Ligand SMILES: [Zn+2]
């Protein structure tokens, strides 16, 4: 993978940045955590705009908590497959129902195109106080060269791609964040510079479940339980046709985590925000 140094010039100064987000109808019970931040009501993941965003791999290792994160990818190619009827759904409702029924906290990294394809489901996620919403880009294009088979986003389009996703997701309300996850977890310095105006925190994760490539639930369960430790951020998908065994794997993952005394919490809670 290219390191990206000198690949693109820095973005020109006046980049249209979306203003800091103020949560609208938060449940009264969520305690605001204020550090040395100028914003009165700080959304989790907010980082001073203009600085390179921090990259988070995992939370504190001295807790008994982990975070289950679910990516909601939607590339142009996926949208085309839906239109042509080649797949029936990129929304894993069995998984969602299981999380709801068992009252498992989770963080959803949603692409703008997925939220537009599935507004009711996005509303359902936003309406659950145990779920929070994060940003996974608008069209799930790559922010670096050689990021799996994803088409590459031009450098000049990166800031707007992510800003547009916030504009798409924010009207759904609920627990909004300024967490961002790069498609394919691919990033370099140029990509980070493009996000600087947006005041976000980049979330990678230290446990990659491999669920989009799995041919059954067992490898997903194995991948997660062999890597998960206190503070882990676990990367999974809610994309059904692209990750069809995630719901089969989840009960065993939850049981395995419980055996080790690891409790799922929302990402913002894991990171103490
Ligand atoms: Zn993704």
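Assorted remarks:
- Extension gain from residue 62 to residue 157, taking 0.36 nm per residue of separation minus the Cα-Cα distance: 30.3 nm
- With neighbour counts taken as other beta-carbon atoms within 10 Å, the residues 148, 118 rank, fewest first, as 148, 118.
- A Gaussian network model of the chain, with springs between Cα atoms under 10 Å, assigns the largest mean-square fluctuation among 103, 170, 117 to 103.
- Between the beta carbons of residue 76 and residue 120, assuming R0 = 22 Å, the FRET efficiency works out to 0.50 to the nearest 0.05.
- For the chain: relative contact order, % (alpha-carbon pairs under 8 angstrom, 6 or more apart): 32
- Most fluctuating residue given options 212, 48, 154, as computed from a GNM of the chain linking Cα atoms under 10 Å: 154
- Counting beta carbons within 10 Å around each of 107, 159 and listing the fewest first gives the order 159, 107.
- The smallest convex shape that holds all Cα atoms of the chain, its convex hull, gives 129 Å³ per residue.
- Computed per residue of the chain from DSSP H runs no shorter than four, each worth -39500 (n - 2.57), the mean residue ellipticity at 222 nm is -8000 deg cm²/dmol.
- Taking other C-beta atoms within 10 angstrom as a stand-in for reagent exposure, 180, 166 fall in the order 166, 180, fewest first.
- Modelled label positions at residue 241 and residue 208, each set 7 Å beyond Cα in the direction of Cβ, lie 2.4 nm from each other.
- Full-extension gain in nm, residue 229 to residue 86, via 0.36 nm per residue minus C-alpha separation: 47.6 nm
- Fluctuation leader among 244, 227, 263 - the chain, Gaussian network, Cα springs under 10 angstrom: 227
Rule-based calculations on the coordinates, nothing more; no lab input. Here the structure is a predicted model, which is why all the values come from computation and not from measurement. Cβ coordinates were reconstructed from backbone atoms using ideal geometry, including for glycine residues, and neighbour counts include every protein chain displayed.
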